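Working notes for the structure below.
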Amino acid sequence: MYMSQIKIDKILGSRRISNYFWAAIILVGGLSFLLAGLSSYLQRDLLPFTKSTDLLFLPQGVIMTFYGTAAILISIFLWLTIIWNVGSGYNEFNREVGLITICRLGFPGNNRILQLKYRIQDIYSIKVEIQEGLVPRTEIYLKTKDKREIPLTRVGQPIPLSEIEEQAVSLAKFLGVALEGIA
């Protein structure tokens with residue numbers, strides 16, 4: 001028996017340690033490539049501890065400048081997704097009013113906040129999908145009576161199987177619906 005009639009699950013977005021790590025690594029690598037390419041063009045060492053002036057500008061310097069610029073642009077994209085916290089939000093299951101609200105943040109603009117609402121009575125089951133292999137994936141879906149499957153779990157971070165099962169069973173009991181995918 002649940003004391004509360006409202007269950008809220010917070011969803012972690014882009015502000016994960018792995019995203020900070022990769023954004024920083026790509027930025028440093030991109031700056032290094034860009035400075036090496038510019039050093040070959042200017043014939044001045046812009047990077048300490050290297051002899052970038054030994055590189056020929058055509059073709060090595062041009063390619064390094066291109067790769068450096070591309071990496072910096074990718075890094076800027078990653079940093080902006082971290083700053084804007086894309087993908088974060090919450091899942092609210094409200095038995096008082098019989099409503100499920102799924103809210104996520106997107107990129108800035110007219111549709112920055114994505115909010116989906118479903119009536120609990122339109123929910124058929126909670127589905128657990130487990131995919132093993134090189135890139136294992138465990139996800140929980142909200143399955144509606146018209147066979148739509150709405151993902152409820154965060155993207156990118158694998159969740160242990162025992163934790164996903166516990167979450168799915170708890171949610172199915174809370175909503176009073178069937179559970180699929182767990183034997």
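The values are calculated or read from the model by the stated rules, or taken from the named source; none is laboratory data. Computed from a predicted model, the values in this text were never measured in an experiment. A quick note on method: Cβ atoms are made from the backbone with ideal geometry, for glycine too, and the neighbour counts reach across all protein chains shown. The protein model used for the area step is the full one, side chains on, heavy atoms only, and it has no ligands, DNA or RNA in it. Shrake-Rupley method; radii C 1.70, N 1.55, O 1.52, S 1.80 Å.
Is it fair to say Arg95 is surrounded by 15 or more Cβ atoms within 10 Å (Cβ to Cβ) and of a type in the set (Lys, Arg)?
yes
Would it be correct to say that Gly68 is over 16 Å from the mean Cα position of the chain (by Cα) and among the small types (Gly, Ala, Ser)?
yes
Search segment 161-176 for residues that are closer than 14 Å to Lys143 by Cβ and assigned by the TED database to the domain that holds Thr144 and pair each with any residue that is open to solvent by less than 80 Å² (accessible area, probe 1.4 Å) and modelled with pLDDT under 90 when their beta-carbon atoms are under 7 Å apart and the residues are at least 6 apart or on different chains.
Ala168/Ile182
Could you list, in sequence order, the residues of segment 126-168 that are part of a strand (DSSP E or B) and buried (at least 18 other Cβ atoms within 10 Å of the Cβ)?
Passing the criteria: Ile126, Lys127, Val128, Thr138, Glu139, Ile140, Tyr141, Leu142, Lys143.
Pull up segment 98-125, narrow it to residues that are open to solvent by 20 Å² or more (accessible area, probe 1.4 Å), of a type in the set (A, V, I, L, M, F, W, C) and in a strand (DSSP E or B), then point me to the one that is farthest from Ile11 (Cα to Cα).
Here the residue is Leu99.
Please state which one of Leu114, Leu58 is more than 14 Å from Ala36 (Cα to Cα) and of a type outside the set (Val, Ile, Thr).
Going through Leu114, Leu58 in turn, just one is more than 14 Å from Ala36 (Cα to Cα) and of a type outside the set (Val, Ile, Thr): Leu114.
Could you check segment 58-96 and list, in sequence order, the residues that are more than 30 Å from Gln167 (Cα to Cα) and in contact with a strand residue (DSSP E or B) (Cβ under 9 Å, 6 or more places away or on another chain)?
The answer is none; no residue qualifies.
Please verify whether segment 29-46 includes one or more residues that are part of a loop (DSSP other than H, G, I, E, B), open to solvent by 90 Å² or more (accessible area, probe 1.4 Å) and among the polar types (S, T, N, Q).
Looking for residues that are part of a loop (DSSP other than H, G, I, E, B), open to solvent by 90 Å² or more (accessible area, probe 1.4 Å) and among the polar types (S, T, N, Q), one finds at least one in segment 29-46, hence yes.
Tally the residues that are under 21 Å from the mean Cα position of the chain (by Cα) and more than 23 Å from Ser88 (Cβ to Cβ), restricting the search to segment 137-164.
Residues that pass the stated criteria total 1.
Filter segment 1-22 for residues that are over 28 Å from Gln115 (Cα atoms) and at pLDDT 95 or above and give the result.
Phe21, Trp22
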